[in-house]
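So the structure is just underneath, and the comments pick up after that.
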Amino acid sequence: MGRCRRCEYFFHLKHGKKMADQNKRYSTLKVGAQANPHHRMEFPDGAWVKCKACGRTLYKDQLAENLYVCTYCSCHLAMSVSGRIRLLTDAGSFQEIDQELVSVDTLNFTDSKSYTTRIAENRAKTGANDAVTCGSATLEGRKYMLGVMDFRYMGASMGSVVGEKITRLVEKATAEKCPVVLVTASGGARMQEGILSLMQMAKTSGALERHAAAGLGYIVLMTNPTYGGVTASFATLGDVILAEPGAMIGFAGPRVIQETTNSKLPENFQTAEFLLEKGLIDRVVDRKAQRKELALLLEAFGAPEA
């Protein structure tokens, strides 16, 4: 049914101006685009991050609010040491220890550049003296000792300082009768320190054995990636071993294992989920649930109230 002239009039009166304004804005934009065809919207550097799993582009501030978990595919992206500490501790409770320890180039090691140069570069890049940050903290009012490894620092490779700091952390926990929590991420032993690096496997394991003999708890949270001598020592000695979804965990890489054993390997055999199925890991815990999970474990292990 057609509209009468009066209805037509009010219809155009109501909608005509809106359409005209829209056309005007469109024309202005179109003219502007023609006048400056190279004009484009600019975003500040570092505002966006690409998910390594699904390839989607993520706004960095929103990603931080989501604990660096991709909102599209739930991939757990790398998280800073400070972010880990905020996630797993009561606000303002973390007190760092042994911050002053620094690596020494005992072997005068040089590959494409000297070890001394690498240490200086990584200290400048991360703002840390080495690849692990250790200290005391509380969670839900319960005291424990926390160590967080930083993969940005030479792949969180385990050298003398990493081993010494973790050993001191465990010994302090034993003396103060509280649990230890280590968040691991590492490419393995630090080749620039040779046998001195490999010795840290025995040293840290010995400290954890004494801690266990005292009847005290030790909790590990494995993050992506955890490999080499770290996996072969303190990362797999926990009373409870947790891991993040999709974390890659092993001693050597898949290619090295396949070439050594000359056998076909199961698909995804070094993922946290595969290792959970085989019994190496106790639980795979989403990042958003880790704080609650850790609080329950600290209570179960009798962490003292601060």
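The values are calculated or read from the model by the stated rules, or taken from the named source; none is laboratory data. Model, not experiment: these values are computed from the prediction. All Cβ positions, glycine included, derive from the backbone under ideal geometry; neighbour counts span all protein chains shown. Accessible surface areas use protein heavy atoms only, side chains included; no ligands, DNA or RNA. Shrake-Rupley method; radii C 1.70, N 1.55, O 1.52, S 1.80 Å.
Taking each of K165/K288; K52/K288; K165/K203; K52/K165; K50/K278; K52/K113 in turn, the alpha-carbon distance tops 21 angstrom for K165/K288; K52/K165; K50/K278; K52/K113.
Averaged over residues, the count of other Cβ atoms within 10 Å places the peptides 55-61, 249-255 in the sequence 249-255, 55-61, highest first. Counting heavy atoms of the protein chains alone, S74 has an accessible area of about 70 Å² for a 1.4 Å probe.
Evaluate E = 1/(1 + (r/R0)^6) for I97 and I195, where r is the Cβ-Cβ distance and R0 equals 35 Å; express this FRET efficiency to the nearest 0.05. Result of the calculation: an efficiency of 0.85. From most to least packed by mean Cβ count within 10 Å, the peptides 99-105, 214-220 give 214-220, 99-105. Rolling a 1.4 Å probe over the protein heavy atoms gives the stretch 97-254 an accessible area of 37 Å² per residue.
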